[in-house]
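*Asks:* Encoded as structure tokens, here's the structure I'll be asking about.
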Amino acid sequence: PPETRRPGLMGRLFGAAPPTPAEPRRELDDAMLEDLEDTLVAADMGVDTALRVTANIAEGRMGRRLSATELKTLLADEITRIMTPVARPLPLYPKTPQVVLVVGVNGSGKTTTIGKLASQFRAAGKKVVIAAGDTFRAAAVEQLQVWGDRAGVPVMTAPEGSDPASLAFDAMTRAEAEGADLLMIDTAGRLQNRADLMEELAKIVRVIRKKDPSAPHNTLLVLDATTGQNAISQVETFRRLADVSGLVMTKLDGTARGGVLVALADRFGLPIHAIGVGEQIDDLDAFEPRDFARALVG
Ligand code: GDP
């Protein structure tokens, strides 16, 4: 059952016992606040955010005796408040083709997310084209082709090792010619050589702007929830490499509860467009702050 797979955050503060009619209460004092901070930091929320959340909960409540249930509610409300402004689906613009550049480290779930998004947009009546811009990984291109087939969406590919920017240009040409609503461009995620990757992404952007100066309309950064705190440095890195406009967090179906999303929302305020909750094509959900906060608090 989910309870055993995802133990609640309150165990540390109140013991592991489930709530009973006479729930134990604990006075909200400095020791309890410190425990709460530690719990939030351990849940990947980051020190700054943990301190702020704790301070908000403490405000006007010092000395009160709280049960785990009451504290959970306060915590879930705080988290919901932080997350609500960033819960925004990928915006669709009247300008077509809308170009969505998808960035992120290898293995984060870019290919899978592109396939899932393509399927959703197609189901919504949109015409989608995908460009397999990670031309250096033959396996990545193949995998994207598989996802394109599943979603019923054409995937533009180029021979291994060819210039991703020229593929992006060709994909723009095709998307325009076919009257596509959306062009999603996969990109390489090799962080080993950041200067190269930056140049590669910049060149893709330069080239597609020859076709449409307003493109790319979105730059989606895909993050893997299982990397925990590492997601923060990935956002920092990719914001230097590209003009990141929004996030998708994948693998929230596993043991990772995605506490780092709270830190990301608090720190960067980037919209969270969707969350990945499995390996199947329909396993992409809208980000719901209240559901997320409840699951995180446990
Ligand atoms: P890429 O290298 O960034 O393109 O990553 P992939 O899309 O190939 O995904 C890497 C692995 O993560 C694959 O095994 C996917 O099935 C898996 N994956 C992607 N998204 C999710 C998700 O939301 N949940 C789970 N459980 N696995 C996912």
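The values are calculated or read from the model by the stated rules, or taken from the named source; none is laboratory data. Quantities reported herein were computed from a predicted structural model and do not represent experimental measurements. A quick note on method: Cβ atoms are made from the backbone with ideal geometry, for glycine too, and the neighbour counts reach across all protein chains shown. Remember, those area values only see protein heavy atoms, side chains included, never the ligands or the DNA or RNA. Shrake-Rupley method; radii C 1.70, N 1.55, O 1.52, S 1.80 Å.
*Asks:* Ignoring ligands, DNA and RNA, how do Ile275, Ile57 rank by accessible area with a 1.4 Å probe, largest first?
*Replies:* Result of the area sort, largest leading: Ile275, Ile57.
*Asks:* Between helix 47-58 and the chain, what is the angle of the helix's C-alpha long axis to the longest principal axis, kept within 0 to 90° and rounded to the nearest 10?
*Replies:* Tilt of helix 47-58: around 40 degrees.
*Asks:* Something else: Taking just the alpha carbons, could you work out the radius of gyration and Dmax for region 118-164, both in angstroms?
*Replies:* Computed over the Cα atoms of region 118-164, radius of gyration and Dmax are 11.2, 34 Å.
*Asks:* What nm value, rounded to one decimal, do you get for the distance between Asp48 and Glu27 when each label is placed 7 Å out toward the C-beta?
*Replies:* Result for the modelled spin labels: 3.4 nm.
*Asks:* What does the accessible area of Ile130 come to, in Å² to the nearest 10, when a probe of 1.4 Å is used?
*Replies:* About 0 Å², rounded to the nearest 10.
*Asks:* GluC sites (Glu not before Pro), restricted to region 38-89: which are DSSP loop and have at most 11 other Cβ atoms within 10 Å?
*Replies:* Glu59
*Asks:* Taking every DSSP beta bridge that has both residues in region 183-290, what percent is antiparallel when rounded to the nearest 5?
*Replies:* Taking every DSSP beta bridge with both residues in region 183-290, the antiparallel ones total about 20 percent.
*Asks:* Run through region 63-143 and list the trypsin sites (Lys or Arg not before Pro) located in a DSSP loop whose Cβ has at most 12 other Cβ atoms within 10 Å.
*Replies:* Lys95
*Asks:* Another question about this same structure. Regarding region 146-298, what's the average projected area of the Cα-atom convex hull, expressed in nm²?
*Replies:* Mean projected area for region 146-298: 10.1 nm², to one decimal.
*Asks:* Please work out the C-alpha center-to-center distance from region 77-99 to region 268-298 and express it in whole Å.
*Replies:* For region 77-99 versus region 268-298, the Cα centre distance is 12 Å.
*Asks:* Moving on to the next point. Restricting to the chain, compute how many DSSP beta bridges are antiparallel as a %, nearest 5.
*Replies:* Counting DSSP beta bridges with both partners in the chain, the antiparallel share is about 15 percent.
*Asks:* Val153 accessible area, nearest 10 Å², 1.4 Å probe?
*Replies:* 10 Å²
*Asks:* Taking all pairs of distinct Cα atoms, average 1/r, flip it, and tell me the Kirkwood hydrodynamic radius of region 75-180 in Å to one decimal place.
*Replies:* 15.1 Å
*Asks:* Here's something else I'd like to know. Rounded to the nearest 500, what is the 222 nm mean residue ellipticity of the chain from helices alone, with -39500 (n - 2.57) per DSSP H run of 4+ residues and division by all residues?
*Replies:* About -14500 deg cm²/dmol.
*Asks:* For Arg239 and Arg290 in the same chain, what is the full-extension length gain: residue separation times 0.36 nm, less their Cα-Cα distance, in nm?
*Replies:* Taking 0.36 nm per residue and subtracting the Cα distance, the gain is 15.6 nm.
*Asks:* Right, next: For Tyr93 and Asn56, what does the FRET efficiency come to when R0 = 35 Å and r is the distance between their Cβ atoms, rounded to the nearest 0.05?
*Replies:* 0.45
*Asks:* Would you mind calculating the gained length between Gln229 and Thr255 on full extension (0.36 nm times residue separation, minus the Cα-Cα distance), in nm to one decimal?
*Replies:* Going from the current span to full extension adds 7.9 nm.
*Asks:* Taking Cα atoms, how many degrees apart are the long axis of helix 110-123 and the longest axis of the chain, rounded to 10 and kept between 0 and 90?
*Replies:* That works out to roughly 80 degrees.
*Asks:* Taking 0.36 nm per residue of separation and subtracting the Cα-Cα distance, what length does fully extending Arg12 through Ser214 add?
*Replies:* Net length gain for the segment: 67.7 nm.
*Asks:* While we're on this one: Report, ordered by chain and residue number, the aspartates and glutamates lying within cross-link reach of Lys251, taken as a straight Cα distance under 19 Å and ignoring same-chain residues fewer than 8 apart.
*Replies:* Glu3, Asp44, Asp186, Asp224, Glu279, Asp282, Asp283, Asp285, Glu288, Asp291
*Asks:* Less than 17 Å apart at the alpha-carbon level, and either on another chain or at least 8 residues along: which aspartates and glutamates does that give for Lys95?
*Replies:* Partners within reach: Glu176, Glu178, Asp181, Asp212.
*Asks:* Compare Arg150, Arg240, Arg190 by solvent-accessible area with a 1.4 Å probe and give them largest first, with all protein chains kept in place. Walk me through the intermediate numbers first.
*Replies:* Numbers: Arg150 130, Arg240 155, Arg190 70 Å².
Reading off the accessible areas and sorting them downward yields Arg240, Arg150, Arg190.
*Asks:* Expressed as a fraction of 2.2 N^0.38 Å, the rule-of-thumb size for a compact globular protein of N residues, what is the C-alpha radius of gyration of the chain?
*Replies:* 1.12
*Asks:* In terms of Cα to Cα distance under 19 Å, which lysines are near enough to Lys203, apart from those fewer than 8 places away along the same chain?
*Replies:* Qualifying lysines at Cα under 19 Å: Lys211.
*Asks:* Same structure again: Whole-Hz Karplus ³J(HN,Hα) for region 175-191, in order, using 6.51 cos²θ - 1.76 cosθ + 1.60 and θ = phi - 60°, x for Gly and Pro?
*Replies:* Working through the residues one at a time gives 4, 5, 4, 8, x, 5, 7, 9, 10, 9, 10, 6, 9, 6, x, 7, 8 Hz.
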